[in-house]
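Visitor: I'd like to ask you about the structure that follows.
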Amino acid sequence: MITVYVPRDSAARSVGADEVAAAITHEAARRQLPLRLVRNGSWGMFWLEPLVEVATPAGRIAYGPVTVADVPGLFDAGFERGAPHPLRQGPTSEIGYLKNQERLTFARVGLTDPLSLDDYRANEGLAGLERALAMTPAAIVDALTTSGLRGRGGAAFPTGIKWRTVLNTESPQKYIVCNADEGDSGTFSDRMIMEDDPYTLIEGMTIAGIAVGATQGYIYLRFEYPDAWQTLNEAIARAYAAGVLGASVLGSGKRFDLEVRLGAGAYICGEETSLLESLEGKRGQIRFKPPLPAVQGLFGKPTVINNVISLATVPVIFARGAEYYRDFGMGRSRGTLPLQLTGNLARGGLVEKAFGLKLSELLYDFGGGSASGRPLRTVQVGGPLGAYLPSSLFDTLVDYEAFAAVGGMLGHGGVVAFDDRVNMAKMARYAFEFCALESCGKCTPCRIGSTRGVEVMDRLLAASNKTRELGLLNDLCDTMTHGSLCALGGLTPLPVQSAVKHFPEDFGLAAPAALAQSA
Amino acid sequence: MSAAARWPVWNEAVASSLLEPLLAVPGPLLPALHAVQGHFGYVPAEATQLLATTFNLSRAEVHGVITFYDFFRSEPPGMRIVRICQAEACQSMGSEALAAHAKARLGVDFHHTTADGAISLEPVYCLGNCACAPAILIDERLYGRVSPARFDALVLAEETP
């Protein structure tokens, strides 16, 4: 019997994993080799996908990227014994890209069959929930605060403080809401958790429910993730069947119910109050704050609303201890961040590292430089609302405060790389266009400002005397930054102004010095 | 084959039976709209009154929600919906050129359906496949590293299943 692993992650499937799995099944049958095929999660080394692994006495050996045409040759070479082949990458755990990571939140991703609760339990799964069930609600919240976990959705607000507010707000009904509306370009860590290790999200939400006294959870998932929808629903059904969810969580007598709700293509619903409106069945428009969702959230009740990665990190914090997690990282950024290397990089993928490494290490040591072979000119970190950073800032440390200090934003950890063919004026214009497209329309600076921004940008590019238009642009950005109700309007100036500041030549502006005078 | 062959025509009794299980659900409108569109392929104008009556909302509220969300369609789609990611990570790997190719190849712009009703072409902003850019979604199936040639192969293959 040979055991072969072919990922079921949608990114692996998007480049042929299903076809490769079918070819392996066919070829093994033809050669009368008994086969156990496991559809595991992806390790997140996407340039090697479809990545096929085979179990050997020396551990799992990786081959990739495998095409259907490669499959007979792999069998001819004896890949089922881990034999040499041009696509052989060696033992999976020894691949530098993986070996040099610190995988806490993603510890099981790639290793296990995402839907197998047995696999999950065998790899530290449910240990955190069992610990939490033996603690008082206040002690759970204290431990989370001690871990230093900050909201991984982008705002980096201390998760423990959010939970404490909900715990301390009296109400007969409270809710746990998971923000799975991962709309930022360049991000897929939420998707990977939901497809490749869904039980860790379920466990994290259950711990949150036990901690604050909430009995109902909702995962608000974007429609653009059909595979995650399937996997989550299947995992939830199995968790109910196994007594992990329902009237008595792991036999504790405490109830926790969980349901997935589907969004409908509105980027703004990634903002927490819009998301709550949408869950209630309304237009996804921003709410004024206060009241905070922790006090008056879903259906007016106290609500913990956290990002997928924040909630999926909770189990490891309880399984290994708050201090263990806290001891990773630097400054006020504790623990690890799952970073996503995307765009024009040779080795795009998921890299979970403790805070404190340099952006350049990510881009070159992990990412391998550009995919096109041309020089990297800029990266946008933190999604469409993040700043464009020039190569002179590639030494910036991955740390919330260090990014803020250079006018950037770490956000959800998405890194999009561009080579020297990028036109930064076009990217700046796109930032306004995207804001205009996705604005919920509630506040004027965002609704009108984004459209005026596109117009000003067009005039700036066409003008022979740029001073007036540049002044207008800066005024507009100032109004949007300080006058918008939420991050969409408030942060759209970040990509725009960083592009103008660092790449003035793309706007027909002479040099940074001239810009400073006119501003 | 026309688009009508894939999607059933509006039937209020069928629609009511789809909404029935949602009566006890808190915040039922989005799940209800997904149920209607999932069955009929779009949200027909007739559905607005039914949704309003069923969930005790005004027609204006229902209309407001339908039109707020890009996913809900007021016209029937083609046999297949092809969505091309236009967000930054895919842009960095040539998704704009891919979109231009697709539009030329299919003879339609974004938000339109080919004359034979085979394909609706839509932009989409991130499919979470940013490390295998450019990405497209054909109905509910994700594809990565989509060159113009691969686009033709996929879309032609999908046209004749």
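Read-outs throughout are calculated quantities, based only on the coordinates presented, and are distinct from any laboratory measurement. Everything quoted here is computed from the prediction, not taken from an experiment. Positions of Cβ are backbone-derived with ideal geometry, glycine not excepted, and every protein chain shown enters the neighbour counts.
Visitor: Determine ³J(HN,Hα), in whole Hz, for all residues of the range B:85-96 in sequence, where each value follows from phi through the Karplus function 6.51 cos²θ - 1.76 cosθ + 1.60 and θ = phi - 60°; x replaces Gly and Pro.
Guide: 5, 10, 7, 4, 4, 6, 4, 5, 10, x, 6, 5
Visitor: Still on this structure: Which cross-chain or sequence-distant (5 or more) residues have an amide H under 5 Å from the amide H of A:Val260, H modelled 1.01 Å from N in plane?
Guide: Close amide H contacts, sequence-distant or interchain: A:Ile219.
Visitor: Quick check on the range A:117-326: take the gyration tensor over C-alpha atoms, sort the square-rooted eigenvalues as a ≥ b ≥ c, and tell me if it's rounded (a/c under 1.5), prolate or oblate.
Guide: Note, shape of the range A:117-326 comes out rounded.
Visitor: What is the range A:2-99 by shape, rounded, prolate or oblate, if you read a ≥ b ≥ c off the alpha carbon gyration tensor as root eigenvalues and call it rounded for a/c under 1.5, prolate for a/b larger than b/c, and oblate otherwise?
Guide: Oblate, since a/c reaches 1.5 and b/c is not below a/b.
Visitor: Within the range A:263-327, list the chymotrypsin sites (Phe, Trp or Tyr not before Pro) lying in a DSSP loop whose Cβ has at most 14 other Cβ atoms in a 10 Å radius.
Guide: For chymotrypsin sites (Phe, Trp or Tyr not before Pro) across the range A:263-327 that sit outside H, G, I, E and B with at most 14 neighbouring Cβ atoms in 10 Å, the list reads A:Phe288.
Visitor: Follow-up. Using a Cα-Cα cut-off of under 19 Å, which aspartates and glutamates could be cross-linked to A:Lys353, ignoring same-chain neighbours fewer than 8 residues away?
Guide: Output for A:Lys353: A:Glu94, A:Glu102, A:Asp190, A:Asp196, A:Asp197, A:Glu323, A:Asp327, A:Glu361, A:Asp365, A:Asp395, A:Asp399, A:Glu401.
Visitor: While we're here: Would you work out if chain A is rounded, prolate or oblate? Take a ≥ b ≥ c from the square roots of the eigenvalues of the alpha-carbon gyration tensor; rounded if a/c is under 1.5, else prolate when a/b is larger than b/c, oblate otherwise.
Guide: oblate
Visitor: Also: Evaluate the relative contact order of chain B (contact order divided by residue number), counting alpha-carbon pairs under 8 angstrom at least 6 apart; express in whole percent.
Guide: Once normalised by length, the contact order is 21 percent.
Visitor: Now a separate question. Which percent, to the nearest 5, of DSSP beta bridges fully inside the protein assembly as shown are antiparallel?
Guide: Rounded to the nearest five, the antiparallel share is 55 percent.
Visitor: Further, regarding this structure: State the Cα centre-to-centre distance between the range A:426-454 and the range A:27-43 in whole Å.
Guide: If we compute the Cα centre of each part, the gap is 50 Å.
Visitor: In the range A:413-519, what trypsin sites (Lys or Arg not before Pro) fall in a loop by DSSP, with at most 15 other Cβ atoms inside 10 Å?
Guide: Loop-located and lightly packed - A:Arg421.
Visitor: Using +1 on the beta carbon of Lys and Arg, -1 on that of Asp and Glu, and nothing else charged, what's the dipole of the range B:80-159 about the Cα centre, debye to 20?
Guide: Around 180 debye, computed over the range B:80-159.
Visitor: Can you compute log10 of I(q)/I(0) for the range A:11-61 with the Debye formula, treating each Cα as one identical point scatterer, at q = 0.18, 0.20, 0.32 Å⁻¹?
Guide: -0.63, -0.77, -1.26
Visitor: When only DSSP loop residues count, what trypsin sites (Lys or Arg not before Pro) in the range B:1-109 have their Cβ near at most 16 other Cβ atoms within 10 Å?
Guide: When the trypsin sites (Lys or Arg not before Pro) of the range B:1-109 are filtered for loop state and at most 16 Cβ neighbours within 10 Å, B:Arg6 remain.
Visitor: Once you've got the Cα coordinates, tell me which of A:Lys162/A:Lys442; A:Lys162/A:Lys282; A:Lys162/A:Lys501; A:Lys301/A:Lys442; A:Lys358/A:Lys466 are over 29 Å apart.
Guide: A:Lys162/A:Lys501; A:Lys358/A:Lys466
Visitor: To the nearest 500 deg cm²/dmol, what mean residue ellipticity at 222 nm is calculated for chain A from DSSP H runs of n ≥ 4 alone, each contributing -39,500 (n - 2.57), summed and divided by the residues?
Guide: -11500 deg cm²/dmol
Visitor: While we're here: Have a look at A:Phe418, A:Ile305, A:Gly284 and report the one farthest towards the positive end of the charge dipole of the protein assembly as shown, computed about the Cα centre with Cβ charges (Lys/Arg +1, Asp/Glu -1).
Guide: A:Ile305
Visitor: By residue number, which cysteines of chain B lack any other Cys whose Cβ falls under 4.7 Å from their Cβ?
Guide: B:Cys126, B:Cys130, B:Cys132
Visitor: If you place +1 on the Cβ of every Lys and Arg and -1 on the Cβ of every Asp and Glu, how big does the dipole about the Cα centre of the range A:1-87 come out, in debye to the nearest 20?
Guide: Roughly 260 debye, rounded to the nearest 20.
Visitor: Considering the Cα trace of chain B, what is its radius of gyration and what is Dmax, both in angstroms?
Guide: Rg then Dmax for chain B, in Å: 17.5, 51.
Visitor: OK, next. If we count other beta carbons within 10 Å of each Cβ, what is the order of A:Ile305, A:Ile448, A:Ile236, fewest first?
Guide: So the residues, fewest neighbours to most, are A:Ile448, A:Ile236, A:Ile305.
Visitor: Under 8 Å for C-alpha pairs, at least 6 residues apart: give me the relative contact order for the range A:329-419, rounded to a whole percent.
Guide: For the range A:329-419, the relative contact order is 35 percent.
Visitor: Once you've got the GNM for chain B with C-alpha springs shorter than 10 Å, pick whichever of B:Gln49, B:Gln37, B:Gln86 has the biggest mean-square fluctuation.
Guide: B:Gln49
Visitor: What ³J(HN,Hα) values, in whole Hz, does the Karplus curve 6.51 cos²θ - 1.76 cosθ + 1.60 give for the range B:73-84 when θ = phi - 60°, with x put for Gly and Pro?
Guide: Listing the rounded values in order: 10, 9, 10, x, x, x, 4, 10, 10, 10, 10, 10 Hz.
Visitor: Let me ask something else. Binning at 10 angstrom from zero up to the longest distance, how are the C-alpha pair distances of the range B:57-114 distributed in percent?
Guide: Percent of Cα pairs in each bin: 19, 37, 29, 13, 2.
Visitor: Given only helices, namely DSSP H runs of n ≥ 4 each adding -39500 (n - 2.57), what is the per-residue ellipticity at 222 nm of chain B, to the nearest 500 deg cm²/dmol? Don't skip to the end; give the middle numbers.
Guide: On the way: 7 runs with 69 residues, N = 161.
Calculated mean residue ellipticity at 222 nm is -12500 deg cm²/dmol.
Visitor: Could you give the spread of the C-alpha atoms of the range A:329-419 along their three principal axes, from largest to smallest, in whole angstroms?
Guide: On the principal axes, the range A:329-419 reaches 36, 23, 21 Å in Cα extent.
Visitor: Here's another thing I want to ask about it. For the range A:424-518, what size does the Cα cloud have along each of its three principal axes, sorted from largest down, in whole Å?
Guide: 37, 20, 20
Visitor: If the cut-off is 20 Å between C-alpha atoms, which aspartates and glutamates fall inside it for A:Lys174, apart from same-chain ones fewer than 8 positions away?
Guide: A:Asp142, A:Glu203, A:Asp257, A:Glu259, A:Glu271, A:Glu272, A:Glu277, A:Glu280
Visitor: Amide H of B:Arg80 versus every other amide H placed in the peptide plane: which residues, excluding those fewer than 5 positions away on the same chain, fall under 5 Å?
Guide: When sequence neighbours closer than 5 places are left aside, the close amide H contacts are B:Ile119, B:Ser120.
Visitor: For the range B:80-159, what is the convex hull volume of its Cα atoms per residue in Å³?
Guide: Once divided by residue count, the hull of the range B:80-159 is 72 Å³.
Visitor: Report the residue, chosen from B:Ala15, B:Ala133, B:Ala60, that carries the largest GNM mean-square fluctuation when chain B is represented by alpha-carbon nodes joined by springs under 10 Å.
Guide: B:Ala60
Visitor: Using the Karplus curve 6.51 cos²θ - 1.76 cosθ + 1.60 with θ = phi - 60°, work out ³J(HN,Hα) for each residue of the range A:210-222 in order, rounded to whole Hz, and write x for Gly and Pro.
Guide: Taking θ as phi minus 60°, the curve returns 4, 5, 9, x, 9, 10, 10, x, 10, 9, 9, 10, 6 Hz for the range A:210-222.
Visitor: Moving to a separate point now. Nothing charged except the Cβ atoms of Lys and Arg (+1) and of Asp and Glu (-1): what's the magnitude of the dipole of chain A about its Cα centre? Round to the nearest 20 debye. Each step should come with its number before you reach the end.
Guide: Details: 49 positive and 54 negative charges, 142 e Å.
In total the dipole reaches around 680 debye.
Visitor: Moving on to the next point. Which of B:Phe110, B:Phe68, B:Phe151 moves most in a GNM of chain B, Cα contacts under 10 Å?
Guide: B:Phe68
Visitor: Please name whichever of A:Ala463, A:Ser185, A:Ser391 sits farthest to the positive end of the charge dipole of chain A, dipole taken about the Cα centre and charges placed at Cβ: Lys and Arg +1, Asp and Glu -1.
Guide: Projecting each Cα onto the dipole axis, the largest value belongs to A:Ala463.
Visitor: What is the order of A:Val456, B:Val9, A:Val38, fewest Cβ neighbours within 10 Å to most?
Guide: Neighbour counts put them in this order, fewest first: B:Val9, A:Val38, A:Val456.
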